[in-house]
Amino acid sequence: MFQVMRYEEPLFRPPCEAESLIVQVTLGCPHNRCSFCGMYKTKRYRVRDPEEVKADLRRARLFYRHVSSVFLADGNTVAMNSDKLAEIIRYIRRLFPEVERISSYGGGRFLKGKSVESLRALKEAGLDIIYFGLESGDDEILSMVNKGVDSKGMIEAARRVREAGIELSVYILLGLGGEDRWEQHAENTARALNAMRPKYIRPRTLYLLPGTPLYRDAQEGRFREASGETVMRELQVLLNRLEVEDAWFLSDHVSNYVPIYGHLPEDREKMLAAVETALEKADLYLGPRYLTSL
């Protein structure tokens, strides 16, 4: 069978990029030490030869009549040399003039090391949005899960992305504080988000993956997994503390107990009412999760 793109599995993308052309510009994740994550453990991080990537893109152009969006995989693609990444983005724009959005993952550890000028060059080349893994705004939790950057670094990274004109979509990980740190997780994550001022806030809920360090911590009693009720209380605190303007809150992931969507600040009460309903009907909404895909 003819294969349009050359992929090295496993391959991941945000749920909202399901219809996008996925291009592996890098392979794996340059950090790859977060204790909750099992995404790229079978890969060594490396940057693909730009000419090889361009060859993939030319094959895709022959096969696809219309491409509306492109996602640049794998994890933390923006960590690579900005000039080389900009070259690939410009090539995409020339080859697929109909493309409306080009996006990539980007982590705070690497983005805070990028100058505003280098990020602006990516914007000018055609990068529209970065999916940014904050996970928590609490420094104790960030250290505990080996995120590689503190909340100050996260906020500085976000400032640089915004100043460069690139849209910011921030992931948070509900339940990451467990039963013991849920309140500080919620309070400090809201504080960080208020400072970061993202266009999109995308919550996921922690699911302990066998083989990860955090899973072993839970098995050996060093981490107490948050119950569904605790996760909802955490979400209540978070929504009440958020002071962002013109931000979309999008619960677009299979890991979440309840699909909660809205625009802040005007939809806050509607979203809080949905959380309250979930708490009142915990047996219906907050039971065990059986996830076949993350």
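Rule-based calculations on the coordinates, nothing more; no lab input. Just so we're clear, the structure is a prediction, and the values are computed from it rather than from any experiment. Positions of Cβ are backbone-derived with ideal geometry, glycine not excepted, and every protein chain shown enters the neighbour counts.
Brief remarks on what is shown
- The listed residues are Val99, Val70, Val78, and the only one of them that is within 24 Å of Met154 (Cβ to Cβ) and either assigned to a loop (DSSP other than H, G, I, E, B) or aliphatic (A, V, I, L, M) (or both) turns out to be Val78.
- Where a residue in the stretch 129-150 is within 28 Å of Arg101 (Cβ to Cβ) and its partner, wherever it lies, is among the charged types (D, E, K, R) and part of a loop (DSSP other than H, G, I, E, B), with Cβ under 7 Å and at least six apart: Glu135/Lys147; Gly148/Arg33; Val149/Lys112
- Residue within the stretch 32-45 that is of a type in the set (Phe, Trp, Tyr) and under 21 Å from Glu100 (Cβ atoms) present: no
- Test: residue in the stretch 19-36 that is in a helix (DSSP H, G or I), crowded, with 16+ Cβ neighbours inside 10 Å and not acidic (Asp, Glu): no
- Checklist (1) buried (at least 17 other Cβ atoms within 10 Å of the Cβ); (2) more than 19 Å from Lys112 (Cα to Cα); (3) in contact with a helix residue (DSSP H, G or I) (Cβ under 7 Å, 6 or more places away or on another chain); (4) of a type in the set (D, E, K, R) applied to Glu225, failing item: (1)
- Looking only at the stretch 60-83, residues that are within 25 Å of Gly28 (Cβ to Cβ) and loosely packed, with under 15 Cβ neighbours inside 10 Å come to 2 in all.
- Selection status of Glu51, free of Cβ contacts under 8 Å to residues at least 12 places away in the same chain and either closer than 18 Å to Ala164 by Cα or assigned to a helix (DSSP H, G or I) (or both): yes
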